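Enquirer: Below you will find the structure I want to go over with you.
The values are calculated or read from the model by the stated rules, or taken from the named source; none is laboratory data. Since we're looking at a predicted model, the values are computed, not measured. Note that each Cβ is placed from the backbone with ideal geometry, even for glycine, and that neighbours are counted across all protein chains shown. Heads up: the accessible areas ignore ligands, DNA and RNA and are worked out on the full protein's heavy atoms, side chains in. Shrake-Rupley method; radii C 1.70, N 1.55, O 1.52, S 1.80 Å.
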Amino acid sequence: MLIKTPLASAERECDITPEAVYLSRRHFMAAAGGAMALGVLPAQADATRYAHVEPGSMPGWFAEKLTAVRWQAVTAGEEALTPYPDVTHYNNFYEFGTNKGDPARHAGKLEVEPWSVMIDGEVAKPGPVSLEQLVQPHRLEERIYRLRCVEAWSMVIPWLGFPLAELLKRAEPTGNARFVRFETKVAPEQMAGVRSGFSLIDWPYVEGLRMDEAMHPLAIMAVGLYGRVLPNQNGAPLRLVVPWKYGFKSIKSIVRISLVAEQPKTTWESLAPDEYGFYANVNPGVDHPRWSQATERRLPNSLFSPNVIDTRLFNGYDEVASLYAGLDLRKHY
Ligand code: MTE
């Protein structure tokens with residue numbers, strides 16, 4: 001199990017990130033005008049890896065949460081973080097367009113305050129809950145995870161979030177709850193991709209997990225990254241992160257969480273069932289019909305530095321393997 005509480009002597013960011021990357025991010029921060037321009041930065045310095053950055057403006061609920069973050073609760077070992085500019089400017093968020101730069105360009109229009117999430121279905125405690133109420137009881141943890149997109153690129157991202165299991169337990173699932181279904185907000189007036197007549201997606205974007213997958217400690221609800229509140233293009237104010245599955249399972253800007261008895265119909269599976277399955281576990285042994293899944297481009301990369309690495313089963317998160325004992329992963333891709 002990778003989850004651990006770091007010791008006071010835990011390595012700092014500059015120890016796990018190559019110096020060039022670390023310095024280039026500092027340079028980026030300075031160029032962008034410091035903390036205020038980039039938004040939120042952690043206030044408490046000593047135990048964090050962001051000691052060099054002044055705190056900036058942030059929503060009150062997030063500022064409160066930052067005072068007790070469990071930093072580096074999970075790390076990606078020696079792997080370098082993907083720089084902040086890449087994490088926030090190379091995105092998939094089809095509600096704002098299909099090009100990688102569209103979400104950063106257009107997601108600013110998404111109104112994230114106030115935000116409310118409906119929790120319903122097979123639970124003893126259904127009902128709408130404000131974002132503040134939803135996050136309030138949970139201690140935020142920094143989870144440094146690999147994100148492997150089904151398109152064969154990958155990143156390493158320091159998320160801030162809390163275990164999905166904790167949230168689900170609060171709703172008190174009934175014995176009939178076998179799956180969790182998630183839904184993204186639909187706001188055509190704020191979302192150019194939803195308004196577009198060319199989109200093949202039947203909005204809202206829907207994702208789902210089996211109950212035992214959802215309860216696994218590695219599955220988190222994220223509200224931040226890089227010590228800041230989640231940028232809109234990355235799924236503000238609340239998104240799922242399931243690091244052993246292809247990125248499309250990690251649904252953004254969630255407004256509804258339903259516990260259900262039947263396996264939900266998910267967006268990509270409905271669109272192209274031969275290409276995208278419900279499970280979508282990262283698996284180098286099962287190719288996409290149109291490309292290999294054996295390797296991935298770790299961002300940032302370039303023509304001269306392609307940075308191609310081997311893809312690992314379950315994206316390297318071996319501790320989830322027991323969830324799939326006896327399941328044919330070729331059939332249930
Ligand atoms: N969630 C919604 N609502 N809409 C989307 O288009 N794209 C998915 C996932 N979540 C998507 C989404 C895909 S394909 C990936 S790879 C990840 O978000 C990308 O997350 P990132 O942009 O934060 O890296």
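Enquirer: Give, as residue ranges, the strands (runs of 3 or more DSSP E) completely inside the range 234-333 that count at least 1 residues that are aliphatic (A, V, I, L, M), touching a helix residue (DSSP H, G or I) at 6+ places or on another chain (Cβ under 6 Å) and over 15 Å from V180 (Cβ atoms).
Expert: none
Enquirer: Could you list, in sequence order, the residues of the range 154-178 that are assigned to a strand (DSSP E or B) and open to solvent by 10 Å² or more (accessible area, probe 1.4 Å)?
Expert: Scanning the range 154-178 gives P163, P173.
Enquirer: Still on this structure, I have one more. Any residue that is closer than 28 Å to L313 by Cβ and buried (at least 22 other Cβ atoms within 10 Å of the Cβ) - is there at least one of those in the range 198-207?
Expert: yes
Enquirer: Still on this structure: Please work out if G121 is touching a residue at least 40 places away in the same chain (Cβ under 8 Å), away from the ligand (no atom under 16 Å from the Cβ), more than 15 Å from the chain's Cα centre (by Cα) and at positive phi.
Expert: Here the answer is yes, as G121 does meet what is asked.
Enquirer: Name, by its number, the condition in (1) more than 12 Å from the ligand (Cβ to nearest atom); (2) part of a loop (DSSP other than H, G, I, E, B) that does not hold for Q72.
Expert: (2)
Enquirer: OK, next. Just give me the residues in the range 279-295 being in contact with a Pro (Cβ under 9 Å, 6 or more places away or on another chain) and surrounded by 20 or more Cβ atoms within 10 Å (Cβ to Cβ), in sequence order.
Expert: Hit for the range 279-295 is V282, nothing else.
Enquirer: Please state which one of A73, A51 is over 19 Å from V150 (Cα atoms) and modelled with pLDDT of 95 or more.
Expert: From the options A73, A51, the qualifying one is A73.
Enquirer: Next question, about the same structure. Looking at the range 257-274, I want the residues that are hydroxyl-bearing (S, T, Y) and have a partner that is buried (at least 18 other Cβ atoms within 10 Å of the Cβ) and in a helix (DSSP H, G or I) with Cβ atoms under 8 Å, at least 6 apart or on another chain. Which pairs are those?
Expert: From the range 257-274, the pairs are T267/F248.
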